[in-house]
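Asks: Dropping the structure in here first, questions after.
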Amino acid sequence: MLRTFMLSGLPLMLLASPFIPAHLAAEELLVGKTCPVTFKDRPIGFLVFSREWYHTSRSNAAYIPGDNATGVGLEIHFFSNDIGDTQILNLPNCDRYRILQVRHSNARLLPGERVSQIDVPDQFLDPFYDNAPLEHGRGVHLAPADDSDKPWQGQPVRAATVSIYDTPYVSDAWGTEGADIDIRFETCVVCERNQGYDALLSCGQWGYQRAYMGGMTDWSEPEFQPVQCLAKPSELFKAILDNSNRIEYSYWLHWR
């Protein structure tokens, strides 16, 4: 039997199937925020952010932050509707949908890093988060195999047009004495076209803070900064793409 949970008419996840063990299907997606995604003012889907969780440098993950937590985690899923689906009406004329995320950090940086940058590893040739080895999925898929920084065990089933799983953290060693640690992200859906310009679609901004406590404590556990929906990318987002020193990505050109 196939069961589909719906969000405003869109399938959120497929929970039960003869081919999916029951223990993997048991972990439901806990929705924290839903952002509409539009193209030329027409709704083409939703960007769904899960309820946040907390972890200690990618271990001991839980939905309630522990005293030694250093980071947060989110599932982020884009669900296209019939108007946006690349196999149905495909109003935006996309070949595929991608997730592009930028990061702004006031923590101490590694050599070559910038305060604001595209949130992918140095070796990436394109800017999208939905690339290995970063944790992502397409269609009906299992959540990432590494569950040490997730608030579940095993690999629950998810189903979305494209999904990413992000578990950022900043340990005390990277904080600046006397200052709160402040980490911000902007996560956007991109309509990728093989023969045309890409289109930046709608986004969500989120992040976390670790308050400076001083003394033996140094910094507190993270405080999640709730998701804010954006109909289009911020000017900072576009400036980060324009000024990237690692990846050349001009979405308004035939950049490939």
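Asks: Looking only at region 175-188, count how many residues are of a type in the set (Asp, Glu) and either buried (at least 22 other Cβ atoms within 10 Å of the Cβ) or farther than 25 Å from ARG108 by Cα (or both).
Replies: Number of matching residues: 1.
Asks: Still on this structure, please answer the following. Please identify the pairs in which a residue from region 135-146 that is touching a residue at least 24 places away in the same chain (Cβ under 8 Å) has its Cβ atom under 7 Å from the Cβ atom of a residue that is open to solvent by less than 70 Å² (accessible area, probe 1.4 Å) and small (Gly, Ala, Ser), counting only partners at least 6 apart or on another chain.
Replies: Final answer for the pair search is HIS136/SER163; GLY137/SER163; VAL140/ALA159.
Asks: Consider region 201-256. How many of its residues are among the hydrophobic types (A, V, I, L, M, F, W, C) and under 19 Å from HIS104 (Cα atoms)?
Replies: The total comes to 14.
Asks: Return the only residue of GLU28, GLU52 being modelled with pLDDT of 95 or more and of a type in the set (Asp, Glu).
Replies: One residue alone meets the criteria, GLU52.
Asks: While we're here: Tally up the residues in region 43-83 that are among the charged types (D, E, K, R), farther than 13 Å from PRO222 by Cα and surrounded by fewer than 20 Cβ atoms within 10 Å (Cβ to Cβ), please.
Replies: The qualifying residues number 3.
Asks: Which numbered condition in (1) open to solvent by less than 50 Å² (accessible area, probe 1.4 Å); (2) part of a strand (DSSP E or B) is the only one that ARG138 fails?
Replies: Status for ARG138: all satisfied but (1).
Asks: Kindly evaluate THR161 against the criterion of being of a type in the set (S, T, N, Q), in contact with a strand residue (DSSP E or B) (Cβ under 9 Å, 6 or more places away or on another chain) and closer than 20 Å to ARG114 by Cα.
Replies: Against the criterion (of a type in the set (S, T, N, Q), in contact with a strand residue (DSSP E or B) (Cβ under 9 Å, 6 or more places away or on another chain) and closer than 20 Å to ARG114 by Cα), THR161 does not qualify.
Asks: Scan region 188-245 for residues that are in a strand (DSSP E or B), closer than 30 Å to SER59 by Cβ and among the acidic types (Asp, Glu) and jot them down.
Replies: ASP218, GLU223
Asks: Suppose we filter region 73-91 for residues that are of a type outside the set (Gly, Ala, Ser) and out of contact with any Lys or Arg (no Cβ under 8 Å at 6 or more places or on another chain); how many remain?
Replies: The total comes to 11.
Asks: All but one of (1) within 16 Å of ARG103 (Cβ to Cβ); (2) surrounded by fewer than 20 Cβ atoms within 10 Å (Cβ to Cβ) hold for ASP172, so report the exception by its number.
Replies: Failed condition: (1).
The values are calculated or read from the model by the stated rules, or taken from the named source; none is laboratory data. In this text the structure is predicted, and so the values were computed from the model without any measurement. Glycine also receives a Cβ, built like all others from the backbone with ideal geometry; neighbour counts cover every protein chain displayed. For accessibility, only protein heavy atoms count, side chains too; no ligands or nucleic acids. Shrake-Rupley method; radii C 1.70, N 1.55, O 1.52, S 1.80 Å.
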